[in-house]
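Structure first, commentary second.
The values are calculated or read from the model by the stated rules, or taken from the named source; none is laboratory data. All of these numbers come straight from a predicted model, not from anything done at the bench. Note that each Cβ is placed from the backbone with ideal geometry, even for glycine, and that neighbours are counted across all protein chains shown. Remember, those area values only see protein heavy atoms, side chains included, never the ligands or the DNA or RNA. Shrake-Rupley method; radii C 1.70, N 1.55, O 1.52, S 1.80 Å.
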Amino acid sequence: LVISCPCALIISIPLGYYGGIGAASRAGILFKGGNYLNAITKLDSIAFDKTGTLTTGQFEVASVQAATLKKEELLAIIGTAEQKSTHPIAQAIQQYVRGQHISLHSALSMQEIAGYGVETIIDGKNVLVGNPRLLLMRKTVVPSKVLESEMTVVVCAIDGVYAGAVWLADKLKEDAVQAIRYLKELGVKDIHLLSGDKQSLVEKVARGDLLPEDKATYIQKLSFHATRTVAFVGDGMNDAPVLALSNVGIAMGGLGSDAAIESADVVIQTDQPSKVATAIEIGRA
């Protein structure tokens with residue numbers, strides 16, 4: 001440092017960045033370089049993912065409805081299909097199934113379909129488990145009650161026939177509202193919420209029914225103007241492409257996926273969305 005910066009004027013610049021990165025680290029915010037510390041000061045648009053970013057991601061099963069088989073058997077099949085998934089919804093279902101002391105089946109050739117759910121073979125039968133879009137994509141009839149529900153719902157089809165659904169509930173993080181208010185006070189007023197959840201669930205505050213590629217397209221449109229600096233805040237594996245596309249990708253590092261953390265430019269180690277505003281303040285300072 002001393003050799004490359006032989007005078008006080010030159011040494012002040014890298015020391016300013018080192019000081020900023022150090023201050024951010026003490027606040028639980030990891031900047032992966034001084035260029036991102038600089039870029040975050042220019043933000044004028046921010047888009048948030050919902051589940052696990054602004055909400056806790058700690059889902060709880062609210063109700064279960066079986067259509068073609070017993071409730072316990074439906075849960076065994078859904079639990080088997082979801083047992084290798086790291087998605088918060090899948091983990092909530094697994095926890096509920098374990099709590100009900102339900103034994104799982106053995107599954108073959110499990111395939112995850114990003115933004116939709118999973119497909120697998122259980123006892124020789126083709127099983128689909130995911131959001132209603134998955135079943136509709138495979139031309140499976142889904143009851144209107146399920147399609148119109150404003151809660152988060154996971155549906156199951158066996159050999160092309162609707163078998164039942166599980167409804168789940170999520171809640172906002174404690175500092176989610178404060179985070180948005182804080183950003184507006186800093187002058188960042190173009191704030192978006194992009195969610196894969198049903199539009200009816202998030203219609204008052206967000207764009208819903210978005211697949212991972214839809215989020216990427218939305219961010220590209222926001223970034224279209226050369227003068228605009230756009231950040232995306234997310235936590236899941238599906239958010240990795242969007243984090244990489246944005247000018248500043250910000251990941252939740254506590255419960256976030258490895259792919260999201262690797263793709264991000266800034267990592268919030270405490271999973272608090274309000275730390276996004278803190279990061280902007282530190283960058284400006």
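Structure notes:
- Candidate cross-link partners of Lys42 among the lysines, defined by an alpha-carbon separation under 22 Å and a same-chain spacing of 8 or more, comprise Lys32, Lys184, Lys189, Lys215, Lys221, Lys275.
- Expected 222 nm ellipticity per residue - DSSP helices of 4 or more, -39500 (n - 2.57), all of the chain, to 500: -10500 deg cm²/dmol
- Rounded to the nearest Hz, the phi-derived 3J(HN,Hα) couplings of the range 146-152 under the Karplus curve 6.51 cos²θ - 1.76 cosθ + 1.60 (θ = phi - 60°) are 6, 5, 8, 5, 8, 8, 6, where x marks glycine and proline.
- Kirkwood radius for the range 4-64, taken over all pairs of different Cα atoms as the inverse mean of 1/r, rounds to 15.0 Å.
- Set of lysines with alpha-carbon distance to Lys71 below 28 Å, sequence-local pairs under 8 removed: Lys84, Lys125, Lys139, Lys145, Lys171, Lys198
- For Phe59, the accessible area of its heavy atoms, probed at 1.4 Å with every protein chain present, is near 10 square angstrom.
- Think of the chain as a dipole: +1 on every Lys or Arg Cβ, -1 on every Asp or Glu Cβ, centred on the Cα centre; then among Thr80, Ala114, Val64, Ala114 lies furthest on the positive end.
- Note on exposure: Val127, Val177 ranked by accessible area (1.4 Å probe, complete protein assembly) read Val177, Val127, with the most exposed listed first.
- Peptides 104-114, 90-100 ranked from most to least packed give 90-100, 104-114, packing being the mean of other C-beta atoms within 10 angstrom over each peptide's residues.
- These residues, Tyr17, Tyr116, go from largest to smallest accessible area, 1.4 Å probe, as Tyr17, Tyr116.
- Percent antiparallel among DSSP beta bridges (both partners in the chain, rounded to 5): 65 percent
- Protein accessible area in the chain, 1.4 Å probe - carbon and sulfur %: 54 percent
- Amide H contacts of Asn126 (H built 1.01 Å from N, in plane; Pro and chain starts excluded): Asp159 sit under 5 Å, all sequence-distant by 5 or more or on other chains.
- Contact order relative to length of the chain, as percent, for alpha carbon pairs under 8 angstrom and 6 or more apart: 24 percent
- Think of each Lys and Arg Cβ as +1 and each Asp and Glu Cβ as -1; about the Cα centre, that makes the dipole of the chain roughly 440 debye.
- Rounded to 10°, Cα long-axis angle of helix 176-185 versus longest principal axis of the chain: 30 degrees
- When the residues His101, His87, His192 are ordered by accessible surface, computed with a 1.4 Å probe over the protein chains alone, the sequence from largest down reads His101, His87, His192.
- Accessible surface calculations at 1.4 Å, restricted to protein heavy atoms, place the chain at 49 Å² per residue.
- Whole-Hz ³J(HN,Hα) from phi, Karplus 6.51 cos²θ - 1.76 cosθ + 1.60, for the range 238-250, glycine and proline x: 5, 7, 3, x, 6, 4, 6, 6, 6, 5, 9, x, 10
- Between 0 and 90 degrees, the angle of helix 8-26 with respect to the longest Cα principal axis of the chain falls at about 30 degrees.
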